[in-house]
Structure formats: C-alpha cells, structure tokens
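Asks: Before we start, here is the structure in question, set down as structure tokens.
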C-alpha cells in the first residue's frame, strides 16, 4: 500500500467498545461517543451493535449521527442562532445551552417544538464548576475567563422562574483524565450546584474519561458513579468521552523520502505532515511514539528529527533514536493516530491526504477511502 495511510484496527475498536459499554452497565449510566474525536462513519456499524448514542457540537456532526447511527443527538453548541436552532431541535433528543441568555433567547423555540408532537427535546444548561484538572491550557475549559458554562455565582443571580424548563446540567472539565480527576470535579460540582440538582432529570458529565487507557482505574470510576447515583437517584447520568472509544486503535504509516542535516541535526523528511495529518502533535504539543524507534532513554543508535513534507517551517517534531541509519524508503509507524487525528486533518499546501484502511479481525484489509486531487479542488468549489 502506498504511503501515507491511516490504518484502523477493528479488533482494537471492538475491545474498546466492550470496555466502555461494560463500565456503563456496571455503573448504571449511559456512555455515548463524541464525534469531535472520531467521525469515521464507515466504522459506525461496530458501534451500532451496542446501540451507542452520540454527542454533537455542529449540525454536520448531528446529521452524521442521525444518518449513520440512526439515533438522535445530545447536542451542545457554544451559541445557537435563529438559523440553526430549529435544525438542532429536529435532530436532537437533548440540547444543552452554554449560557442563561442563550436559554432565554431560544426557550420559546424549544417549548414550541415540544408542543409540535414531532419528538420531545430535553433542554439543559452547561455549568462550570471552575475545577481545573487539565495541564494543557488549550484544552482546559476551567481557566479564568472561560467562555464555557455558567458558574454557580452567576446562576445564583438568575431571577426566579428564568430556569424553569431546564431539565439537566452539563459540565465538561476533563481531557484524557483519570477517575480521580473526575472525583475532584464531582466534589466541586456538588458543592457548588447541589441546591439545583433536585429539580433536574439528568446530569451530563462530559468527556475526557480515558477509561480505555492502560492503568485507568475503572473499578474506582464505577464506584464513583454508583455513589453519585445513590446520592441522586432521580438523576439519569450521561458521560460522553471521545478518545476512550478509539484510544490506540489506529496508526499513521509514512515513508522516509529524504534525510537532511543542518548544524548537526539530522532530519528524516516523511511523506506525511504533522501540520496536515497529525495536527495535535503541534497544537498540544506532544511527541508520538514511533514503533520502529528505540525506546525512550535508549542512547544507542542515531537521533533524528521528523520533518513533515509541507512548506511550514514548524512542520517537524523530534527527536527519536533509531538503531540503524534511516534511509529513503524506510517505513515508520506513528502510533495512536485515530482519535482526534482523522477528524482534525487538513489539506494545507495541497498535501496529499492519507488513505484510510480498516484491518478486520481476520487480518484482511479494506480500503475505506482514497483521496484525490478532486477532494482538494472541490473544497474551494
């Protein structure tokens, strides 16, 4: 297969799905998936086996879930508009508003839609417990000045009756976090918003629950969720992780196309791109594992920086050490490039987009998508 290409492993997907759904059953909660981490809809039949729901933050995500999963969305958008609110209501079972003003602006639309008899949509409000457990600022919704959610202090100033109709609270404070991080957030949430919980029907604990990561304490998560439900038996509890569903389920295979050296730094230029195909490596930033490289800390071999094949000066990440000199044609496996990767790719510089392959449990492979010049051209059509 010509590189670069993403390869997604069916067996690993099924393993993660089994892990997440077992937590949901043991804890008595509903766990749905977030398309912002994975929108590879040709793998959705694997998720449909468990009748897994989804969360959407755009009309396109909502429509994809409606069409390919056959269920209504749990929708959240920082700001709805008069042009979008009706469409969200038509495709959603739950809709969360980011501010009291958004709820006040579109409350009549929700009530009118629910009277129409098409189906009922349960409205909620995003709240911000201001409990920060994330080290990377770009993914931290609890930073001072955050645009996400209503604080308890703000909610206390809302006039009586203005929250009538709100049926749920939604908070999202985690990012690839542990159950112990969730425990800290839950403590803050109940301390700050506990007085409003008796009037609600559901609580959505957002995403960032990386329960499929090796070493994650799933038993503690189950105990934590069960205890919360015992304290609030009238509440339906929802979680919507993104990465957990597709954690370590896919790789990006690239080839070395040149090796250059400048001031003692050797750079292996690959036919992929960090800027285009692995953008979180630059955005977060982080250094992905390369299967063929020596283990971290091993000082043998030769050190190489990896350079992407775009004209962006910063399209590189490093360094890795290899037990043999890299040469043109060597294939490199950039691990764990499914979640938050295929959804964030771009065609900057017109760089060829990697094909997407699914490896079935029997070892056979299926080409899900090959990209051509027309895909690049038609984006501007």
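No value in this document is a laboratory result; all are computed from the given coordinates. All values reported here derive from a predicted model rather than from experimental measurement. Positions of Cβ are backbone-derived with ideal geometry, glycine not excepted, and every protein chain shown enters the neighbour counts.
Asks: Write down, largest first, the equivalent ellipsoid semi-axes of segment 10-246 in whole Å, where each equals the square root of 5 times an eigenvalue of the alpha-carbon gyration tensor.
Replies: Semi-axis lengths for segment 10-246 are 26, 23, 16 Å.
Asks: As a test, work out the antiparallel percent of DSSP beta bridges whose residues both lie in the chain, rounded to the nearest 5.
Replies: Of those bridges, close to 40 percent are antiparallel.
Asks: Where does each of 141-154, 55-68 land if you order them by average Cβ count within 10 Å, highest first?
Replies: 55-68, 141-154
Asks: Here is a further query. Using only helices, what value at 222 nm comes out for the chain when you add -39,500 (n - 2.57) per DSSP H run of length 4 or more and divide by the total residues, to the nearest 500 deg cm²/dmol?
Replies: Using -39500 (n - 2.57) per qualifying helix, the result is -8000 deg cm²/dmol.
Asks: Of 167, 214, how do they rank once you tally other Cβ atoms within 10 Å and put the fewest first?
Replies: Ascending number of Cβ neighbours within 10 Å: 214, 167.
Asks: Expressed as a whole number of Å, what is the distance separating the alpha-carbon centroids of segment 44-110 and segment 1-37?
Replies: With segment 1-37 and segment 44-110 each reduced to a Cα centre, they are spaced 21 Å.
Asks: Please rank 1, 380, fewest neighbouring Cβ atoms within 10 Å first, as an exposure proxy.
Replies: 380, 1
Asks: Order of 10, 176, 240, 261 from fewest to most other C-beta atoms within 10 Å?
Replies: With the sparsest Cβ surroundings first, the list reads 261, 10, 176, 240.
Asks: Please report the relative contact order for segment 10-246, taking Cα pairs under 8 Å with a sequence separation of at least 6, and give it as a percent rounded to a whole number.
Replies: Here the relative contact order equals 22 percent.
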